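Only one structure is covered here, and it is reproduced in the block below.
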Amino acid sequence: MKQYRDHYFKRAKKENYPARSVYKLQELNKRFNILQKGQKILDLGAAPGSWTLFAAKKVGDKGHVLGVDIQSTETEFPANVTYLQADVFEDSPELLGAMEPHLPFDLIISDMAPKTTGVKFTDQARSLELCERARDLLPRRLKQGGNFVVKIFEGPDVKEYRESLNTIFSKVKIFKPKSSRAESKEIFVVGLGFQGGEG
Ligand code: SAM
């Protein structure tokens, strides 16, 4: 299958990242400069672990990345990473407990995606639900002035979702990485400067 053998796939393999998606985070970081030494980061939809690995490298020994995904992963992470297999829709004691020592986060990133069905309407609706859940996790967990990155499938609801972030961030931007597959309908909404209170 062509899509699994493209330039970014090969590059990821060579650079020891388990998925090509790492280049999307790299592009996001180049554009918005969101990853800094010493940060505490919550990475939602972290499997197989490319974003987590890249973020861990950027935050260094004094920083920490908590990766959460409903799936397990075989990826070996450095000491500044905690990986938790959990469903973000469940307020499980494991998830709440894993977040607790790192609160508030400097940055929350979500590359979460639903299992696609091929039915555009369904896939968009499920992507939106994941984005809403990620947004609902921000109060008391993202620090004031902190940043947020969330993947969303393009569709009629993006505008309203973006507007919902306008009220809690100083700036909200839309970004489409070059390394996203041409046929992919994903885009990233970036919230800069959290003003959501209680953070
Ligand atoms: N950022 C990852 C990386 O670089 O390796 C790739 C993430 S992949 C595109 C999307 C992930 O979202 C999948 O691993 C999927 O299991 C996860 N996901 C979907 N629904 C979820 C949920 N309810 N809770 C946690 N993770 C979820």
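The values are calculated or read from the model by the stated rules, or taken from the named source; none is laboratory data. Computed from a prediction, not measured in an experiment: that's the story for all the values here. In this analysis, Cβ positions are derived from the backbone assuming ideal geometry, glycine residues included, and neighbour counts consider all displayed protein chains. Ligands, DNA and RNA are excluded from the accessible area calculation, which covers all protein heavy atoms including side chains. Shrake-Rupley method; radii C 1.70, N 1.55, O 1.52, S 1.80 Å.
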Inset, instruction - May I ask you to list the residues in the range 91-109 that are surrounded by fewer than 22 Cβ atoms within 10 Å (Cβ to Cβ), among the aliphatic types (A, V, I, L, M) and out of contact with any Lys or Arg (no Cβ under 8 Å at 6 or more places or on another chain)? - result: LEU95, LEU96, ALA98
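Let's see how each residue does on (1) in a loop (DSSP other than H, G, I, E, B); (2) open to solvent by 30 Å² or more (accessible area, probe 1.4 Å); (3) touching a Gly at 6+ places or on another chain (Cβ under 7 Å):
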{"site": "CYS131", "(1), (2), (3)": "no, no, no"}
{"site": "ALA134", "(1), (2), (3)": "no, no, no"}
{"site": "ARG140", "(1), (2), (3)": "yes, yes, yes"}
{"site": "GLY145", "(1), (2), (3)": "no, yes, yes"}
{"site": "PHE148", "(1), (2), (3)": "no, no, yes"}
{"site": "LYS151", "(1), (2), (3)": "no, no, no"}
{"site": "ARG162", "(1), (2), (3)": "no, yes, no"}
{"site": "SER170", "(1), (2), (3)": "no, yes, yes"}
{"site": "SER180", "(1), (2), (3)": "yes, no, no"}
Inset, instruction - Of the numbered conditions (1) away from the ligand (no atom under 15 Å from the Cβ); (2) of a type outside the set (Phe, Trp, Tyr); (3) at pLDDT 95 or above, ASP136 fails exactly one; give the number of that condition. - result: (1)
Inset, instruction - Looking for whichever is farther than 22 Å from ASN147 by Cβ, open to solvent by less than 60 Å² (accessible area, probe 1.4 Å) and either within 13 Å of the ligand (Cβ to nearest atom) or in contact with a helix residue (DSSP H, G or I) (Cβ under 6 Å, 6 or more places away or on another chain) (or both) here; the options are THR52, THR75. Which one fits? - result: THR75
